[in-house]
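Just so you know, all these numbers are worked out from the coordinates, no wet-lab data involved. Since this is a predicted model, take the numbers as computed values, not measurements. Positions of Cβ are backbone-derived with ideal geometry, glycine not excepted, and every protein chain shown enters the neighbour counts.
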Amino acid sequence: MTTANSQTPLVEARNVHKSFDQLEVLKGIDLDVMPGEVVVILGPSGSGKSTFLRCINHLEAIQKGYIQVDGEQIGYALRKGRLEKLSANGIARQRRKIGMVFQQFNLYPHMTVLQNIIEAPIGIHGESRQEAIANAMRLLERVGLSEKAQSYPRQLSGGQQQRVAIARALAIRPKLMLFDEPTSALDPELVGEVLATMRDLARQGLTMIVVTHEIGFAREAADRVIFMDGGHIVEMGKPEDVIGNPQHPRTQAFLSRFL
Amino acid sequence: MSDRTASNAPPSGGADFRDVATAHTPFRTGRLVLWLVIILVVADFAWIVANNENFGWPVVAHYFFDPVVMSGLTVSLGLTVVGMLLGIAFGLIIAIARMSNDRLARSFASLFIWFFRGTPLLVQLIFWYNMSTLFPQLSIAIPFGPTLVSWETNSVITPMTAAIVGLALNEAAYMAEIIRGGLLSVDRGQSETAEAFGMTRARALWRIIIPQAMRSIVPPTGNQLISMIKATSLVSVIAMADLLYSVQSIYNRTFEIIPMLLVAVIWYLMITTVLNIGQSYIEAYYGRSDRRNATVAKPAAVTEEASH
């Protein structure tokens with residue numbers, strides 16, 4: 001809404017509902033994300049922000065509404081005027097342009113850092129081995145870990161693992177990057193290095209949706225901040241407005257804890 | 001109080017005395033005595049066994065490489081390898097079926113495991129061997145419809161096929177549960193990550209999940225392999241000339257029961273020893289990412305493993 005212009009949105013979510021059994025976690029989310037935009041989602045635990053993020057690449061199926069990424073409806077296809085559920089392989093294909101970074105890093109522990117990064121480019125995107133390794137080394141340099149290419153994840157600190165996870169997600173040349181609380185599992189002194197890497201990506205025009213508790217990052221790097229509570233988007237706008245001058249009492253209460 | 005004085009004011013020499021680098025292990029007399037006693041007992045026992053004529057060691061030596069024993073050994077090893085390979089392959093399929101979302105696959109897998117784990121292997125082998133009494137003809141046909149192809153059961157189910165099918169299916173049921181346990185031991189986040197990166201289920205399983213599951217699959221599989229070698233001795237009841245059957249055929253002639261059984265026992269022990277060594281190498285391979293200094297210790301090996 002704030003960024004409404006002539007461009008078509010990269011992500012388009014309409015009236016998204018999601019329940020786990022009886023518990024309704026998302027109660028009608030509407031969101032457009034423009035190409036190159038950095039959207040930060042804030043909110044208390046249990047507000048549905050991580051669930052919403054996971055719906056965008058269909059790690060969770062939604063029950064009502066729709067989500068469209070880059071012109072394709074996620075998880076479904078129109079065939080002969082009827083909406084059909086996509087097969088597992090069809091969904092896998094859709095996910096290939098979306099990179100994701102997890103709270104627990106989820107590096108493949110049995111592979112070296114380099115193998116972690118080149119796995120998807122070679123195995124799924126059909127890149128040549130040479131090309132994939134060259135690109136991986138460029139990405140490792142970008143996150144400042146060139147000398148760790150042959151290490152195993154277990155040998156790295158949490159912050160280093162998360163930077164490798166970011167490089168791994170970038171290696172598939174994603175159109176959209178999803179960050180699910182990327183710094184929540186890190187020791188406080190390691191948070192900075194990961195946020196610096198993410199700020200760097202934001203500056204380079206990557207489209208990012210970031211679920212986080214880092215208010216500072218939201219203020220500096222976000223084009224738009226969303227505050228979620230109880231399965232709704234409560235407030236949305238420029239960081240200086242939502243964080244600097246929150247209107248909704250829930251937002252005010254939440255942010256007051258960080259001041 | 002006295003403790004405190006001691007730690008605060010050590011005898012002459014000061015801090016040098018407390019440096020653990022100068023520490024030595026005290027001599028343990030009791031331990032040495034225990035070792036001596038045990039060595040003595042073991043040596044005595046070995047001497048008694050070696051010199052007891054009833055064991056018939058010359059007979060053991062004479063028949064150890066006998067052609068009949070050798071061919072029996074080949075049959076036992078062959079059955080073990082084939083039965084185990086088929087058992088692992090089929091067990092993997094059953095394990096995946098058991099874990100799938102598809103109810104038909106899940107029910108089939110459960111039924112399979114229930115039946116083949118729930119009945120004695122010996123009985124299963126006899127059933128397979130006597131298949132012709134149940135079904136004189138084996139045919140491929142449309143259910144309740146015409147028959148397409150048909151064979152005499154006795155020409156298909158030889159002792160060899162009965163033994164292989166019996167051992168493999170029984171093994172598959174156990175391996176399915178072992179493999180399922182291994183797959184379940186891998187962190188849920190791993191398959192989720194593979195999914196998020198757009199991997200197909202098959203690829204995620206092959207590249208991400210199974211390599212990590214191997215660490216908990218290998219040790220019980222080693223167990224299974226060893227019991228499989230001994231289970232092959234059951235096929236002697238369906239007239240398969242395995243290792244046990246071949247030594248039996250010799251002692252039925254010569255009446256040298258104990259020496260001939262010793263031949264078999266020593267061969268079984270030698271095979272399991274080799275397998276144990278192999279298993280520890282496989283475990284070391286799948287545990288390589290756990291060694292903190294893996295890259296420092298073997299940089300060449302790691303680069304090689306990086307190849308796809």
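What is the mean projected area of the alpha carbon convex hull for chain B, to one decimal in square nanometres?
Computing the convex hull of the Cα atoms and averaging its projections yields 30.4 nm².
For the protein assembly as shown, the pair-distance distribution built from all alpha carbon pairs, in bins 20 Å wide starting at 0, is 16, 34, 29, 18, 3, 0 percent.
With N the number of residues in segment A:1-67, Rg(Cα) / (2.2 N^0.38 Å) evaluates to 1.14. Within segment A:11-256, what percent of beta bridges assigned by DSSP are antiparallel, to the nearest 5? Roughly 60 percent of the beta bridges in segment A:11-256 run antiparallel, per DSSP.
Taken residue by residue and averaged, Cβ atoms of other chains lying within 10 Å of the Cβ of B:188-195 number 6.
Entry note, chain B: the mean residue ellipticity at 222 nm calculated from DSSP H runs of n ≥ 4, each adding -39500 (n - 2.57), is -22500 deg cm²/dmol after division by the residues and rounding to the nearest 500.
Mind checking which of B:LEU138, B:LEU121, B:LEU73 has the largest fluctuation in a GNM of chain B, springs on alpha carbons under 10 Å? Top of the fluctuation ranking is B:LEU138. In segment A:10-30, which residues have a backbone nitrogen under 20 Å from the label point lying 7 Å from B:ARG188's Cα in the Cα-to-Cβ direction? Residues passing the 20 Å test: A:18-26. Summing charges over all other residues whose Cβ lies under 11 Å from the Cβ of A:LYS49, with Lys and Arg as +1 and Asp and Glu as -1, gives -2.
In order along segment A:225-233, the Karplus-derived 3J(HN,Hα) couplings, from 6.51 cos²θ - 1.76 cosθ + 1.60 at θ = phi - 60°, round to 10, 10, 10, 10, 8, x, x, 10, 7 Hz, and Gly and Pro are given as x. Around the amide H of A:LEU42, modelled in the peptide plane, lie the amide H atoms of A:ILE226, A:PHE227, A:MET228, all under 5 Å away and 5 or more residues distant in sequence or on another chain. Our summary of shape: the Cα atoms of segment A:10-169 have principal axis extents of 49, 40, 30 Å, ordered from largest down, in whole angstrom. Close lysine pairs were tallied over segment A:1-149: pairs 8 or more places apart or on different chains with Cα atoms under 18 Å apart number 8.
Remark: segment B:98-103, residue by residue, has Karplus-estimated 3J(HN,Hα) of 5, 9, 6, 7, 7, 5 Hz, where x stands for each Gly or Pro and the curve is 6.51 cos²θ - 1.76 cosθ + 1.60 at θ = phi - 60°.
Could you compute the net charge surrounding B:THR221? Neighbours are other residues with a C-beta less than 12 Å from the C-beta of B:THR221; K and R count +1, D and E count -1. Taking every other residue near B:THR221 into account, the sum is -2.
Counting alpha carbon pairs within less than 8 Å and at least 6 residues apart, what relative contact order, in whole percent, applies to chain B?
22 percent
Radius of gyration over Kirkwood radius for segment A:127-230, both on Cα atoms: the Rg/Rh ratio is 0.98.
Subtracting the Cα-Cα distance of B:LEU148 and B:LEU111 from their residue separation scaled by 0.36 nm leaves 10.5 nm.
The coefficient of translational diffusion for segment B:133-193, derived via Stokes-Einstein from the alpha carbon Kirkwood radius under 37 °C and 0.692 mPa s, stands at 215 µm²/s.
Scan chain B and report its longest stretch carrying no trypsin sites (Lys or Arg not before Pro) that are both in a DSSP loop and have at most 14 other Cβ atoms within 10 Å.
Working: sites that count: B:ARG28, B:ARG292.
Value returned for the longest uninterrupted segment is B:29-291.
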